[in-house]
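All remarks here apply to the structure that follows.
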Amino acid sequence: MEMTQDKPRKKAGRPLSFDRELALERAMLVFWRYGYEATSLNDLTSAMGITPPSLYTAFGDKERLFLEAVEYYLEKKPCFFESIVAEPLTAKESIRSYLEVIAISQTDPNQPPGCMVVTSATNCTAASSHVQEVLADYRGQMEAGIKDRLDRGVREGELAADTDTAAMASFFVTVIHGMSTQARDNAGREKLLAIGAQAMRAWPDPL
């Protein structure tokens, strides 16, 4: 499943006096922890170790920085489904493995809890509607990836021909969103793993 959003353009100009990727990673962590609207430019420049003019020169405005930070997050974190689908697993094993990866990632003590794509722009004003739309599209791509794997399970005889794969995909995405909320509320790894295991009990009986 390919990401369909256009990546923010990087401005041309004189060489930067700082490590752009490191600054972007720091911005990602701030947005991830506090959310898009709650994060101020002062929060960003302080975390990134740069001045406001340097931020604008390197990244454009706050929205473009956020969207690039989301792209960076998607490259670095196992929020999407490609790596699991690529493994030689059954459909059921793929989903179970994915839920386990999500539980482990979202409770990593070395990063903010939860999923940035799920939590960083949930309560925004109309002024941030484009940011919300972009993240909603990414979440939709995640659901589509899960549905594609379930559809393949139907074709390969792992699931019944009349399986409602759209509803199943929506169910598992809802579980994943809930796991992210639980992680933000300081739920531990064992709790999230247990939630994933409980969700797998909804899997249809074997043919």
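Any read-out appearing in this document is the output of simple, stated calculations on the displayed coordinates, not a laboratory observation. Here the structure is a predicted model, which means the values were calculated and not measured. Backbone-built Cβ (ideal geometry, glycine too); neighbour counts: all protein chains shown.
Quick look at the numbers
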quantity: Label-reachable residues, the range 38-59, where backbone N falls under 19 Å from a point 7 Å from His130's Cα toward its Cβ; calculated: 38-41, 55-59
quantity: Cα principal axis extents for the range 98-206, largest first, Å; calculated: 44, 33, 17
quantity: Residues Gln198 and Val154, FRET efficiency given R0 of 35 Å [Cβ-Cβ distance, rounded to 0.05]; calculated: 0.90
quantity: Full-extension gain in nm, Asn110 to Ala166, via 0.36 nm per residue minus C-alpha separation; calculated: 16.7 nm
quantity: Sum of side-chain charges, Thr119 neighbourhood, beta-carbon under 10 Å (Lys, Arg +1; Asp, Glu -1); calculated: +2
quantity: Cα convex hull of the range 154-194, projected area averaged across orientations, nm²; calculated: 3.6
quantity: D_trans [Stokes-Einstein, Kirkwood Rh over alpha-carbon pairs] for the chain, 4 °C, 1.567 mPa s, µm² s⁻¹; calculated: 71
quantity: Projected-area mean, the range 90-134, by convex hull of Cα positions, square nanometres; calculated: 4.3
quantity: J(HN,Hα) series, the range 194-206, from Karplus relation 6.51 cos²θ - 1.76 cosθ + 1.60, nearest Hz, glycine and proline x; calculated: 5, 4, x, 5, 5, 4, 5, 5, 7, 4, x, 4, x
quantity: 3J(HN,Hα) from dihedral phi, the range 24-35, Karplus parametrisation 6.51/-1.76/1.60, rounded to Hz, x for glycine, proline; calculated: 5, 4, 5, 5, 4, 5, 5, 4, 4, 6, 10, x
